[in-house]
Amino acid sequence: MGRGKIEIKRIENSSNRQVTYSKRRNGIMKKAKEITILCDAKVSLIIFGSSGKMHEYCSPSTKDNFSSLKTKTLQNLSNEIDRIKKENDNMQIELRHLKGEDITSLPYKELMAIEDALENGLTYVRGKQDSRFCLNYTYITTKFLEEDYKQLSFILVFILLQTSLTLYLKKTIDARSDNEVT
């Protein structure tokens with residue numbers, strides 16, 4: 001009886017995924033060794049797990065090539081690390097200069113470039129502050145106008161009620177005085 005087919009998709013359960021990875025890694029390593037022996041093939045296999053751990057297999061005829069490739073790759077990585085470290089150091093020095101630290105030894109042209117950069121940054125920050133101030137001012141003005149409108153509306157309604165009441169009372173008093181006269 002054959003095995004059932006499984007759907008090839010990511011295994012969500014981490015422990016099941018790790019077990020499957022381990023079994024399949026061992027299986028593909030075994031296949032690489034078998035094809036090397038059976039077919040006299042040159043096989044190199046590198047597997048990186050999700051944890052970053054590396055597993056490798058090289059057939060005897062490719063070990064020298066693989067070793068030189070590994071050395072070149074390590075050298076390239078080492079060079080890249082050195083380049084990034086230098087770039088980081090330069091950025092830290094530039095940041096210190098922008099903060100005003102360690103600028104006594106700088107030539108005039110570099111000082112002028114730093115001054116221009118700081119002026120441009122200051123102009124940008126002031127522009128942002130101005131736009132935010134305008135937005136806040138508009139918002140506050142709108143709020144005050146809304147409050148004033150509410151108060152004036154209330155006063156207007158109060159005056160209209162008072163005027164209506166005064167007119168009503170005047171008419172009532174006039175009507176009574178007319179009735180008393182007759």
Next item on the list: Kindly identify region 10-58 as rounded, prolate or oblate by the Cα gyration tensor criterion: order the square roots of the eigenvalues as a ≥ b ≥ c, call it rounded if a/c is under 1.5, otherwise compare a/b with b/c, prolate if a/b is larger, else oblate.
Entry: prolate
Note to self: Quick check for you: with a 1.4 Å probe and neighbouring chains kept, what is the accessible area per residue of region 71-145, in Å²?
What the structure shows: 91 Å²
Next item on the list: For Leu95 paired with Thr163, estimate the spin-label separation in nm (one decimal), with each label point 7 Å from Cα along the Cα-to-Cβ line.
Entry: 6.9 nm
Next item on the list: First select every other residue whose beta carbon is under 15 angstrom from the beta carbon of Pro107; then total the charges, Lys and Arg +1, Asp and Glu -1.
Entry: -4
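If I compute solvent accessible area with a 1.4 Å probe over the protein chains, what percent of it on region 61-105 is carbon and sulfur? Write down the numbers at each step before the final one.
Numbers: 2120 of 3930 Å².
That fraction is 54 percent.
Which entries of Lys31/Lys63; Lys5/Lys42; Lys5/Lys63; Lys85/Lys109; Lys23/Lys70; Lys9/Lys70 show an alpha-carbon separation above 28 angstrom in the structure shown? Spell out each step's value before the answer.
Details: Lys31/Lys63 18 Å; Lys5/Lys42 31 Å; Lys5/Lys63 36 Å; Lys85/Lys109 26 Å; Lys23/Lys70 26 Å; Lys9/Lys70 32 Å.
From Lys31/Lys63; Lys5/Lys42; Lys5/Lys63; Lys85/Lys109; Lys23/Lys70; Lys9/Lys70, over 28 Å: Lys5/Lys42; Lys5/Lys63; Lys9/Lys70.
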Checklist line | Solvent-accessible area per residue, Å², over region 10-58 with all protein chains present [probe radius 1.4 Å] | finding: 78 Å²
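If you place +1 on the Cβ of every Lys and Arg, -1 on the Cβ of every Asp and Glu, and leave all else neutral, what size is the dipole of the chain about its Cα centre, to the nearest 20 Debye? Intermediate values should be presented prior to the final figure.
On the way: 30 positive and 24 negative charges, 417 e Å.
It comes to approximately 2000 debye.
Determine one quarter of the surface area of the Cα convex hull of the chain, which equals its mean projected area, and express it in nm² to one decimal. Could you put the intermediate results ahead of the total?
On the way: hull surface 137.2 nm².
Averaged projected hull area, Cα only: 34.3 nm².
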Next item on the list: Report relative contact order for region 10-58 in percent, whole number only (criteria: Cα-Cα under 8 Å, sequence separation at least 6).
Entry: 25 percent
Check: Taking Cα atoms, how many degrees apart are the long axis of helix 63-98 and the longest axis of the chain, rounded to 10 and kept between 0 and 90?
Finding: 30 degrees
Check: So what is the 222 nm mean residue ellipticity for the chain from helices alone, if each DSSP H run of at least 4 adds -39500 (n - 2.57) and you divide by all residues, rounding to the nearest 500 deg cm²/dmol?
Finding: -28000 deg cm²/dmol
Margin query: Checking a compactness column here: for region 61-105, what do you get for Rg(Cα) / (2.2 N^0.38 Å), N being the number of residues?
Written below: 2.00
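The values are calculated or read from the model by the stated rules, or taken from the named source; none is laboratory data. These numbers come from a predicted model, not from an experiment. In this analysis, Cβ positions are derived from the backbone assuming ideal geometry, glycine residues included, and neighbour counts consider all displayed protein chains. Heavy atoms of the whole protein, side chains included, go into the accessibility calculation; ligands, DNA and RNA do not. Shrake-Rupley method; radii C 1.70, N 1.55, O 1.52, S 1.80 Å.
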